[in-house]
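Worksheet: one structure, shown below.
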Amino acid sequence: MEENRYDLNKIREETDLVTLLSKLGYQPLKQSAGELFYLSMLRDSDTMPSFCVNEKLGIWYDHGLAKGGNVIDFALSFWPALTFRESIGKLLEAYGNLDAVPLKAKPAQIEIPLKHPSYLIREVRELGGNPAISDYLAQRGISAVAVGFIKEVYYSIKKDNGNRKELFSAGWQNDLGDGR
């Protein structure tokens, strides 16, 4: 018996994740910063859109699972009881014949998230100066253990119009020692 052989590169490059999700019956509930947000189809407990797809890069991320990847990773997560080969077969069955489907538009230049961040860390301070951060840590029940580890981070991000928006957050220093 001859087994089906799949061109995984072709599947990964030519299968549009948003189209696949639509064919599976899922529609985005919101769009923000070039990403589409869905209720997670990988979890029953999702009540807020937390499954996001970056259409330009062809990748997904489920914030509730802290897991993401490409269309093949999605198939493996969506049909977890199936073998790898069976999952790819289901993906192709759901999507349709790749030879009959027009190629998705390729971006002129691939965007690599967070390689060149559009944020600037303005200042890092000890906890206690910002009531919003202190209240947040208290609500999460981690105020006592946060001291010495968590800092107040003041930063700005570059918006689409080129202006910068000033923000703050609770954060901790990374292994490089630069607070990012």
Exercise. Would you check which residues across region 39-61 are closer than 16 Å to Ala75 by Cβ and in contact with a helix residue (DSSP H, G or I) (Cβ under 8 Å, 6 or more places away or on another chain) and list them?
Key: Met41, Leu42, Val53, Gly58, Ile59, Trp60
Quiz item: Just for region 75-88: of the residues that are outside any loop (DSSP other than H, G, I, E, B) and either among the hydroxyl-bearing types (Ser, Thr, Tyr) or open to solvent by less than 20 Å² (accessible area, probe 1.4 Å) (or both), which one is nearest to Arg5 (Cα to Cα)?
Solution: Ile88
Self-check item: Filter result (under 15 Å from Ala33 (Cβ atoms) and not in a strand (DSSP E or B)) within region 114-161
Solution: Leu114, Pro117, Ser118, Lys159, Asp160, Asn161
Exercise. Go through (1) open to solvent by less than 20 Å² (accessible area, probe 1.4 Å); (2) out of contact with any Cys (no Cβ under 8 Å at 6 or more places or on another chain) and name the single condition Ala66 misses.
Key: (1)
Self-check item: All positions within region 2-41 that are touching a Phe, Trp or Tyr at 6+ places or on another chain (Cβ under 8 Å) and either open to solvent by less than 40 Å² (accessible area, probe 1.4 Å) or of a type in the set (Phe, Trp, Tyr) (or both)
Solution: Thr15, Leu17, Leu20, Leu21, Tyr26, Phe37, Tyr38, Ser40, Met41
Practice problem: Test Ile72 against the criterion of being touching a residue at least 60 places away in the same chain (Cβ under 8 Å), closer than 20 Å to Asp7 by Cα, open to solvent by less than 70 Å² (accessible area, probe 1.4 Å) and among the β-branched types (Val, Ile, Thr), and give yes or no. | Solution: yes
Quiz item: Listed residues Leu39, Leu65, Leu114; which is modelled with pLDDT of 90 or more and among the aliphatic types (A, V, I, L, M)?
Solution: Leu39
Self-check item: Where Phe78 falls short, out of the listed (1) out of contact with any helix residue (DSSP H, G or I) (no Cβ under 9 Å at 6 or more places or on another chain); (2) modelled with pLDDT of 90 or more
Solution: (1)
Quiz item: Do we have any residue at all in region 50-58 that's within 25 Å of Asp160 (Cβ to Cβ), in contact with a strand residue (DSSP E or B) (Cβ under 9 Å, 6 or more places away or on another chain), free of Cβ contacts under 8 Å to residues at least 24 places away in the same chain and open to solvent by 50 Å² or more (accessible area, probe 1.4 Å)?
Solution: no
Exercise. Considering each of Met48, Met41 in turn, give the residue that is farther than 27 Å from Lys159 by Cβ, assigned to a loop (DSSP other than H, G, I, E, B) and aliphatic (A, V, I, L, M).
Key: Met41
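The values are calculated or read from the model by the stated rules, or taken from the named source; none is laboratory data. Computed from a predicted structure; not experimentally measured. All Cβ positions, glycine included, derive from the backbone under ideal geometry; neighbour counts span all protein chains shown. To get the accessible areas, we keep the full protein, side chains included, count just its heavy atoms, and leave off ligands, DNA and RNA. Shrake-Rupley method; radii C 1.70, N 1.55, O 1.52, S 1.80 Å.
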